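Engineer: Got a structure here, written out as structure tokens. Questions coming.
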């Protein structure tokens with residue numbers, strides 16, 4: 001079963017998180033929602049809240065904090081020396097970064113997120129970024145390649161990348177998209193890459209998109 005980590009922070013765009021998570025789960029992908037606190041908030045650094053407060057006020061409970069997931073991975077990696085069937089929890093088949101201005105700022109500035117983006121790509125795994133989440137391609141110092149983002153952060157990215165205004169851009173293992181309105185094609189693209197076109201068609205059909213929807 002493919003696995004995916006979908007990151008979340010205070011200020012994450014609800015649609016980009018929930019549509020991506022929901023679509024992947026419908027396709028049989030085992031998803032983990034991992035919370036990253038705002039490093040400027042001493043309160044959230046001391047004790048992580050029970051939920052993330054998203055950009056429009058929707059509160060979403062997450063599975064774990066990213067840091068606790070990393071710590072668990074270290075323990076499992078040590079155990080794997082003797083228990084060869086165990087593998088790291090940190091490396092997923094897909095590592096997904098949603099947008100939302102405040103949430104994307106938190107995620108893109110996280111050294112842990114930056115490191116895991118690099119590690120996933122080096123391991124040949126997929127990294128998905130949508131909306132302002134694409135800023136993480138810049139902060140993680142990814143090489144120049146084609147990508148897209150929300151128009152609000154285009155100026156930050158276009159000098160460093162081959163900027164596209166396509167709804168979804170695939171550049172090797174990096175998949176980027178533009179915003180809330182492109183979340184369905186973004187999520188379905190991730191699903192097709194993880195599970196195949198047949199699975200995408202199986203999931204997409206009962207969603208009942210209007211006739212003529214261009215994806």
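Engineer: Tally up the residues in the stretch 141-161 that are touching a strand residue (DSSP E or B) at 6+ places or on another chain (Cβ under 9 Å) and surrounded by 14 or more Cβ atoms within 10 Å (Cβ to Cβ), please.
Structural biologist: Looking only at that region, the number is 10.
Engineer: Do we find that residue 174 is in contact with a strand residue (DSSP E or B) (Cβ under 9 Å, 6 or more places away or on another chain), under 17 Å from residue 9 (Cβ atoms), modelled with pLDDT of 95 or more and surrounded by 18 or more Cβ atoms within 10 Å (Cβ to Cβ) in this structure?
Structural biologist: No, not satisfied.
Engineer: Something else now. Of all residues being surrounded by fewer than 16 Cβ atoms within 10 Å (Cβ to Cβ) and modelled with pLDDT of 95 or more in the stretch 23-50, which is nearest to residue 185 (Cα to Cα)? Just the residue, please.
Structural biologist: 25
Engineer: Among what's in the stretch 120-139 and is on the phi < 0 side of the Ramachandran plot and over 14 Å from the mean Cα position of the chain (by Cα), pick the residue that is surrounded by the fewest Cβ atoms within 10 Å (Cβ to Cβ).
Structural biologist: Narrowing the stretch 120-139 to residues on the phi < 0 side of the Ramachandran plot: 120-123, 125-130, 132-139.
Next cut, over 14 Å from the mean Cα position of the chain (by Cα) only: 122-123, 138-139.
Values: 122: 10, 123: 14, 138: 18, 139: 17.
Here the answer is 122.
Engineer: A further question follows. Given the residues 215, 209, 186, which is the only one that is surrounded by fewer than 18 Cβ atoms within 10 Å (Cβ to Cβ), in contact with a strand residue (DSSP E or B) (Cβ under 9 Å, 6 or more places away or on another chain), touching a residue at least 12 places away in the same chain (Cβ under 8 Å) and not in a strand (DSSP E or B)? Quick ask: steps written out before the conclusion?
Structural biologist: Details: 209 fails: in contact with a strand residue (DSSP E or B) (Cβ under 9 Å, 6 or more places away or on another chain); 186 fails: surrounded by fewer than 18 Cβ atoms within 10 Å (Cβ to Cβ).
Criteria check complete, one pass: 215.
Engineer: Identify, please: which residue in the stretch 194-206 is in a helix (DSSP H, G or I) and free of Cβ contacts under 8 Å to residues at least 24 places away in the same chain and is, among those, surrounded by the fewest Cβ atoms within 10 Å (Cβ to Cβ)?
Structural biologist: Of everything passing the filter in the stretch 194-206, 206 is surrounded by the fewest Cβ atoms within 10 Å (Cβ to Cβ).
Engineer: Right, here's the next one. Any idea which of 191, 116, 121, 138 is in contact (Cβ under 8 Å) with a residue 24 or more places away in the chain, closer than 15 Å to residue 20 by Cβ and part of a helix (DSSP H, G or I)?
Structural biologist: After ruling out the rest, the residue left standing is 191.
Engineer: Working only within the stretch 58-101, note down all residues that are modelled with pLDDT of 95 or more, in contact with a helix residue (DSSP H, G or I) (Cβ under 9 Å, 6 or more places away or on another chain) and assigned to a loop (DSSP other than H, G, I, E, B).
Structural biologist: Listed by number, the residues that qualify are 58, 63, 92, 93, 98, 99, 100.
Engineer: So for the stretch 102-113 (the condition being in contact (Cβ under 8 Å) with a residue 24 or more places away in the chain, under 20 Å from residue 92 (Cβ atoms) and over 14 Å from the mean Cα position of the chain (by Cα)), does at least one residue qualify?
Structural biologist: No, the stretch 102-113 has no match at all.
The values are calculated or read from the model by the stated rules, or taken from the named source; none is laboratory data. These numbers were taken from a predicted model, which means no experiment stands behind them. Neighbour counts are summed over all protein chains in view; Cβ atoms, including those assigned to glycine, are modelled from backbone coordinates with ideal geometry.
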